[in-house]
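Here, each number is a calculation from the coordinates, and none is a lab measurement. As the structure is a prediction and not an experimental result, all values here were calculated from the model. All Cβ positions, glycine included, derive from the backbone under ideal geometry; neighbour counts span all protein chains shown.
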Amino acid sequence: MTDHLRQTAVNPGALRAMLRREKIAARLAMAAAAHRAANVAIQHHLTEFLLPLPAGTIAFCMPIRAEADCRPVVEHLLKIGWQAAMPTVEVVDAPMVFRAWSPEAPMTTDPYGIPVPDTDVSAHPDVMLLPLVAFDAAGYRLGYGGGYFDRTLAAMKPRPLTIGVGFDLAAVRDIHPERHDIPLDLIVTESGIRWINHP
């Protein structure tokens, strides 16, 4: 066993860091046409799933680092009575708050430089779209390592419907979840919808 394999075998944190680097690099390396086509397919699957649901509040993130772009889906939902919000870091290492979003909303950045609305705090969402760096069949997601989504979900009562949104290339056999990780309810990629069977 090489030193690298030995390190990742005994250190799940090292494996997660390696997966994070590899999956972000793979996403950034997608050809523009393939990225556009995958985005369109993801948006179609999300729309087909969300349209039959009662109108409520949906939370999503501004895409960064070539993430899937959920804005067209959210804009369509706004036209039929939904409200929208973005999770926002206001206090480092604390649960996020949700700020109201619309296409005309003024924007600012959070402490990590991520675009967020410069608006009032909204109601807690009924549905959350969570960006994926990687995910496994048990519904666990790998993000950027800050733990903000898990921290936020753990504090929310009732918990919203959680939908991981990403590309097929993000799929892995096992992300080696940590104790605080919370599995998603379903995952949407360009190939379709994966429901998670929770024990």
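A few points about this structure:
- Residues whose placed amide H lies under 5 Å from that of Arg99, excluding near-sequence neighbours: Met86, Thr88, Ser122
- For His180, net neighbour charge (Lys/Arg +1, Asp/Glu -1) across residues whose Cβ lies under 11 Å away: -1
- Comparing Cα centroids, the stretch 146-197 and the stretch 93-110 end up 21 angstrom apart.
- Amide H contacts under 5 Å for Thr57, placed H, 5+ residues apart: Gln83, Asp126, Val127
- Dipole size of the chain about its Cα centre, with +1 on Lys/Arg Cβ and -1 on Asp/Glu Cβ: approximately 380 debye, rounded to the nearest 20.
- Exposure proxy for Cys61, Cys70: other Cβ atoms within 10 Å of each Cβ, ordered fewest to most, give Cys61, Cys70.
- Computed on the chain, with alpha-carbon pairs under 8 angstrom and 6+ residues apart, the relative contact order is 21 percent.
- Cα-based Kirkwood hydrodynamic radius, the chain, one decimal, Å: 17.4 Å
- Computed from backbone phi with θ = phi - 60° and the Karplus coefficients 6.51, -1.76 and 1.60, the 3J(HN,Hα) list for the stretch 47-57 is 4, 4, 6, 7, 4, x, 6, x, 4, x, 10 Hz; x is used for glycine and proline.
- Shape call, the stretch 9-125: gyration tensor on alpha carbons, a/c limit 1.5: oblate
- Exposure proxy shown here: for Thr119, Thr109, the number of other Cβ atoms within 10 Å sets the order, fewest to most, as Thr109, Thr119.
- Antiparallel beta bridges, as assigned by DSSP with both residues in the chain, represent about 50 percent of the total such bridges.
- Phi-based couplings in Hz for the stretch 69-85 (Karplus 6.51, -1.76, 1.60; Gly and Pro marked x): 9, 8, 4, x, 5, 5, 4, 5, 5, 4, 6, 10, x, 6, 10, 9, 8
- Residues with amide H under 5 Å from that of Gly164, placed H, sequence gap 5 or more: Leu130, Asp185, Leu186, Ile187, Val188
- Of Ala55, Leu186, Cys70, farthest towards positive along the dipole that unit charges on Lys, Arg, Asp, Glu beta carbons give the chain: Leu186
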